[in-house]
Amino acid sequence: MRSFTRRSLIAQGAVVHFRIALVLISVIPALVTLYLAGATSVSLDRIPYAGLLLALTYGVSPALGYVILSRYPRMAVRLRAYLQDMLHGELPERIALVKSEDDLSAIENSMNLILRKLKGDVATVSSANALLQEELVRVDKLRAIGTLAGGIAHEINTPLQIIRSHTEFTSAVLCQVLELVDQSPPGGAAGPADRRWRWAQNTLIDVTSAAQETEAAVERVAGIVTAMQSFASHGKSGTAVRMDLNATIMQALTITHNEWKHVVNVETDLAPDIPLVECYASDIKQGLTDLILNATRAVAERGDRSHKGVIQISTQLTGAAVTLQVRDTGVGIPQAIQNRIFDPFFTTREVGQGQGQALARLHSSIVNRHGGRIFFDSQNNQGTTFTIVLPLQRSTSP
Amino acid sequence: MRSSRACQILLVDDCPLILTCLRTGLRFKEAEWTLTFAEHPKRAIELVLRNHFDVVISDVGLPDMNGVELVQTIATISPVTACLLMSGTEPGAEGFPIDGAFRVLRKPFGLDELVREVDGAVVRHRRNVPEEAHCERL
Ligand SMILES: Nc1ncnc2c1ncn2[C@@H]1O[C@H](COP(=O)(O)OP(=O)(O)O)[C@@H](O)[C@H]1O
Ligand SMILES: [Mg+2]
């Protein structure tokens with residue numbers, strides 16, 4: 001579209017100038033010709049000369065005009081076209097005004113330098129923009145999922161309350177009844193009454209344990225729903241809250257349980273004495289989930305199905321900060337990519353498997369939003385340890 | 001004598017099945033607690049205006065007014081009553097304003113948890129609201 005416009009502009013300009021030149025250059029010889037032909041006293045023998053001259057004039061002058069005019073105006077027209085393109089936000093590869101000429105080629109070179117720099121800037125801005133867009137979409141999606149999850153949790157919790165109360169009641173009463181039955185065996189020898197009593201006793205034992213198992217299962221569901229709810233409650237992601245880090249770790253393990261249960265055994269070593277941490281809770285929750293999922297994948301990639309791997313998570317109070325470590329026995333991070341894993345969009349996973357965003361996001365949040373540190377240590381085929389040092393209080397300075 | 005009287009407890013929830021399961025589940029406290037039930041906050045306020053309650057336990061998501069508003073109202077019209085909230089929603093979520101004055105039982109809670117919270121609320125409330133207030137009321 002645009003290059004077509006530029007070309008047609010150049011063509012248009014050239015045609016206009018070409019016409020003027022034609023007129024100018026043709027007028028003089030034409031007059032001479034007319035004079036030679038003798039406007040007043042026509043002499044027939046002069047006509048061939050006049051014809052020759054006319055032919056020469058109209059044959060040569062266009063070529064002459066073209067040569068003279070090809071320099072200056074074409075350059076001006078091109079320049080104008082380039083500038084117009086650039087104003088429309090379309091940066092040409094490079095500009096070409098003339099073949100030589102010192103002043104002009106100096107201008108040309110400078111402009112090309114500016115162009116190159118501009119193009120670099122534009123590329124940076126647009127890739128940052130793309131990142132931002134994606135982040136916005138993600139935040140939007142998370143918010144929608146959060147609202148949904150919160151609503152679902154509420155809906156589930158009401159019937160769960162009913163189930164929980166009833167099973168607690170049932171198993172308590174069954175225990176009492178069982179005690180009663182135990183205490184009152186039918187007297188006399190083994191007969192039908194005795195068999196009925198035994199049947200009642202055995203059945204009661206089964207039903208009691210069924211009720212107790214139901215109770216345990218309900219408690220598990222309740223735990224999952226609570227974890228989901230607390231994870232989904234993004235709160236105001238723009239404000240820092242005081243968060244129980246150890247509890248959050250346990251919740252992250254609960255909601256990721258299905259991902260790692262066949263791959264690793266999880267060991268936790270959480271310091272009981274750590275105070276609440278002032279942080280952007282949704283960032284930390286998301287980051288913890290990502291670290292656990294990454295560790296799980298790293299172990300799975302080792303492909304040793306006969307041995308489960310291990311993920312160890314620990315917290316420790318270190319001065320005015322908490323040090324959190326996530327250690328895995330996975331494939332490790334190859335030396336060659338160690339300096340890139342925190343880059344946005346860096347991923348070694350197949351298309352559709354990973355976004356390469358998790359570590360970039362976490363790094364940016366820990367360093368920029370929390371004033372903390374994040375680093376890792378990795379041994380090929382031994383495993384990786386990610387360490388986060390999170391200040392208890394976010395510093396008030398900007 | 002207060003100690004010889006059964007503890008008067010009002011349970012408020014718009015879901016009747018919740019009230020039923022608590023009624024059955026708390027049967028083992030029959031000797032110490034007298035339970036009253038309300039499905040609507042207006043009914044709860046009526047009951048509090050006409051009767052003495054030691055404890056009110058209210059759900060948060062209720063028709064017409066939320067449970068937090070309900071217990072705030074009850075706390076003003078009956079200072080001797082200790083109030084607790086119960087909810088399947090996280091405090092701070094939509095429709096659940098946080099009021100630090102009231103403890104929250106997160107559904108699904110165990111019956112023993114409920115008993116502990118009620119006992120604790122009664123003790124705390126006695127300490128905070130002077131005995132004269134109780135006498136005045138009685
Ligand atoms: N625990 C780990 N062990 C080995 N490699 C890891 C680990 N965590 C991250 N990586 C590497 O870092 C890359 C970037 O991780 P991440 O930002 O989470 O994005 P994604 O998981 O979507 O690829 C991964 O593709 C992987 O190569
Ligand atoms: Mg990842």
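The values are calculated or read from the model by the stated rules, or taken from the named source; none is laboratory data. The shown structure was predicted, so the numbers you read here are calculated from the model rather than taken from an experiment. Glycine also receives a Cβ, built like all others from the backbone with ideal geometry; neighbour counts cover every protein chain displayed. Accessible surface areas use protein heavy atoms only, side chains included; no ligands, DNA or RNA. Shrake-Rupley method; radii C 1.70, N 1.55, O 1.52, S 1.80 Å.
The table for this structure:
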| quantity | calculated |
| --- | --- |
| Strands (runs of 3 or more DSSP E) wholly inside region B:1-111 containing at least 1 residues that are of a type in the set (Ser, Thr, Tyr) and surrounded by fewer than 20 Cβ atoms within 10 Å (Cβ to Cβ) | B:33-38 |
| Selection from region A:155-171 of residues that are open to solvent by less than 50 Å² (accessible area, probe 1.4 Å) and either among the hydrophobic types (A, V, I, L, M, F, W, C) or at the interface with chain B (Cβ under 9 Å from one of its Cβ atoms) (or both) | A:ASN157, A:THR158, A:LEU160, A:GLN161, A:ILE162, A:ARG164, A:SER165, A:GLU168 |
| Hey, A:LEU359 under 12 Å from A:PHE386 (Cα atoms), of a type in the set (A, V, I, L, M), more than 14 Å from chain B (Cβ to nearest Cβ) and near ligand 1 (Cβ under 10 Å from one of its atoms) or not | yes |
| Filter result for the condition that a residue is in contact with a Phe, Trp or Tyr (Cβ under 8 Å, 6 or more places away or on another chain) and away from ligand 1 (no atom under 12 Å from the Cβ), over A:LYS261, A:LYS285 | A:LYS285 |
| So A:PHE345, is it buried (at least 18 other Cβ atoms within 10 Å of the Cβ), within 29 Å of A:ASP304 (Cα to Cα) and within 15 Å of ligand 2 (Cβ to nearest atom) | no |
| Residues that are touching a helix residue (DSSP H, G or I) at 6+ places or on another chain (Cβ under 6 Å) and either near ligand 1 (Cβ under 8 Å from one of its atoms) or assigned to a loop (DSSP other than H, G, I, E, B) (or both), drawn from region A:367-383 | A:GLY372 |
| Test result for A:THR147, open to solvent by less than 60 Å² (accessible area, probe 1.4 Å), of a type in the set (Ser, Thr, Tyr) and within 14 Å of another protein chain (Cβ to nearest Cβ) | no |
| Among (1) polar (S, T, N, Q); (2) open to solvent by 70 Å² or more (accessible area, probe 1.4 Å); (3) more than 8 Å from ligand 1 (Cβ to nearest atom); (4) over 21 Å from A:LEU253 (Cα atoms), the one test that A:SER364 misses | (2) |
| Test for A:SER314: is it away from ligand 1 (no atom under 11 Å from the Cβ), within 14 Å of another protein chain (Cβ to nearest Cβ), closer than 24 Å to A:ILE341 by Cα and not charged (D, E, K, R) | no |
| From the options A:ILE313, A:ILE249, A:ILE292, residue that is in contact with a Lys or Arg (Cβ under 8 Å, 6 or more places away or on another chain) and crowded, with 21+ Cβ neighbours inside 10 Å | A:ILE313 |
| Residue selected from region A:367-384 under the condition open to solvent by 20 Å² or more (accessible area, probe 1.4 Å) and under 24 Å from the mean Cα position of the chain (by Cα), by the criterion nearest to ligand 2 (Cβ to nearest atom) | A:PHE376 |
| Residue within region B:54-64 that is within 25 Å of A:ILE224 (Cα to Cα), over 14 Å from the mean Cα position of the chain (by Cα), within 12 Å of chain A (Cβ to nearest Cβ) and not hydroxyl-bearing (Ser, Thr, Tyr) present | yes |
| Failed condition for A:LEU390, given (1) within 12 Å of ligand 1 (Cβ to nearest atom); (2) outside any helix (DSSP H, G or I); (3) crowded, with 18+ Cβ neighbours inside 10 Å | (1) |
| Residue pairs meeting the criteria (Cβ under 6 Å; at least 6 apart or on separate chains; first away from every other protein chain (no Cβ under 14 Å) and free of Cβ contacts under 8 Å to residues at least 12 places away in the same chain, in region A:333-355; second near ligand 1 (Cβ under 6 Å from one of its atoms) and open to solvent by less than 40 Å² (accessible area, probe 1.4 Å)) | A:ARG340/A:PHE346; A:THR347/A:GLY354; A:THR347/A:GLY356 |
